[in-house]
Amino acid sequence: PAVTSPCKILKCNSEFWAATSGSHHLGAEEAPEFCTALRAYAHCTRRTARTCRGDLAYHSAVHGIDDLMVQHNCSKDGPTSQPRLRTLPPGDSQERSDSPEICHYEKSFHKHSAAPNYTHCGLFGDPHLRTFTDTFQTCKVQGAWPLIDNNYLNVQVTNTPVLPGSSATATSKLTIIFKSFQECVDQKVYQAEMDELPAAFVDGSKNGGDKHGANSLKITEKVSGQHIEIQAKYIGTTIVVRQVGRYLTFAVRMPEEVVNAVEDRDSQGLYLCLRGCPLNQQIDFQTIRSAQATEGRARRKGPSLPAPPEAFTYETATAKCREKLPVEDLYFQSCVFDLLTTGDVNFMLAAYYAFEDVKMLHSNKDKLHLYERTRVLTPGNVAPTGAHPTFWVALLCLCWLCLL
């Protein structure tokens, strides 16, 4: 069933944006009208406060309102009726193409040093996490969890059960907050939910706002309702968000310097892309997969065993995943696991697109594929090194003939 969020902060944001677009170009005599819209905005957030307690976009809006109240010298008491709608004037910042050098990460941060080291993090499927250190985990993490939390941006995901009563979860909501940065960008919030992948920030804009370097942050729609890309050049970061089936996937390319830019290093433990999922939230899906494969073999020998409730057996799941993922790495194994636990073929596509994003975003092309850790083999189940087993068979036969 669809997950409908009772938090209506997106509605509050869009109403305020519609009421005040272009008001920064108006004279001082229009300030009361802006304050009226701001009070209406504050009233709207208060109405939805109880259902938005854990929502990053909500808390961002509340702090933003307080700042705007101070900047425009607005009183918290007064009329809250919505002013007339405005349209953006010609030459608005969304058309601006020039940006100061400080708003281009590679030009400003690394003028006299080596090129930055880029890292990648991705989340997809049931859900599977690839961290900035190339650790691969399958996690439960039901509810809201922070993926990234540093001095420049916050990313939070919400994972919900795929089926009622199921332990399988997938990402149903994503919130990204880009913090205001020098003369480059204003604070911007992006939010996506199941069956809603906007091609704009929550305020309706597609770039970083009114500052001179606004276009160092912008959203591009690649496939309507299915694939968006956010370029944040001022921090050298690229984010890809997709909707595959009814759920969301996330992938990011970010300089190591930005990854580690935090004021409180103790808080980094809460941030999944860097530290991974807590141990009590991790699932050893390779063990589960082995059990499912064994169960499949037992079922062939003993037809009296009940069939699984899913649409896929281990054999049909592996065959399906090979259609898109010919290399049997952890993306392939994740695909098999997800088809067996959910029965939804869209999870195969989620794994496929997650790997496509890795190919685009990962800086080390030798590390695209990840494999499960090699198990320690006993001497009895490894072949001698240096020669093919048939060589030893032939040699044995030759020796036997010589003896005869």
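The values are calculated or read from the model by the stated rules, or taken from the named source; none is laboratory data. Values in this document were obtained by computation on a predicted structure and should not be read as measured data. Virtual Cβ from ideal backbone geometry, glycine too; neighbours counted across all protein chains shown. Ligands, DNA and RNA are stripped out before the accessible areas are found, and what is left, the full protein with its side chains, is counted by its heavy atoms. Shrake-Rupley method; radii C 1.70, N 1.55, O 1.52, S 1.80 Å.
Data table
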quantity	calculated
For Ala261, distant residues with modelled amide H under 5 Å away	Asn151
Whole-angstrom gap from region 33-62 to region 199-239, using each part's C-alpha centre	23
P(r), alpha carbons of region 102-276 - 10 Å bins starting at zero, rounded %	10, 38, 37, 13, 2, 0
Rounded to whole Hz, the Karplus (6.51, -1.76, 1.60) HN-Hα couplings of region 219-236, x for glycine and proline	9, 10, 8, 8, 9, 4, x, 10, 7, 10, 10, 10, 9, 10, 5, 5, 10, x
Mean Cβ neighbour count within 10 Å, used as a protection proxy, ranking 62-72, 330-340, 238-248 highest first	330-340, 238-248, 62-72
Vicinal HN-Hα couplings computed from phi for region 65-73 (Karplus, 6.51 cos²θ - 1.76 cosθ + 1.60; Hz; Gly/Pro x)	4, 4, 5, 5, 4, 5, 4, 9, 6
In Hz, Karplus ³J(HN,Hα) per residue of region 211-216 (6.51, -1.76, 1.60; θ = phi - 60°; x = Gly, Pro)	6, 5, x, 3, 7, 7
Sequence-distant residues sharing a close amide H with Lys173 (under 5 Å, placed H)	Thr158
Accessible heavy-atom area order of Trp145, Trp17, highest first, probe of 1.4 Å	Trp17, Trp145
For Lys211, distant residues with modelled amide H under 5 Å away	Asp186
Förster-model FRET efficiency, 30 Å R0, Ser166 and Arg47, C-beta, rounded to 0.05	0.35
C-alpha center-to-center spacing [region 327-374, region 102-166] in angstrom	16
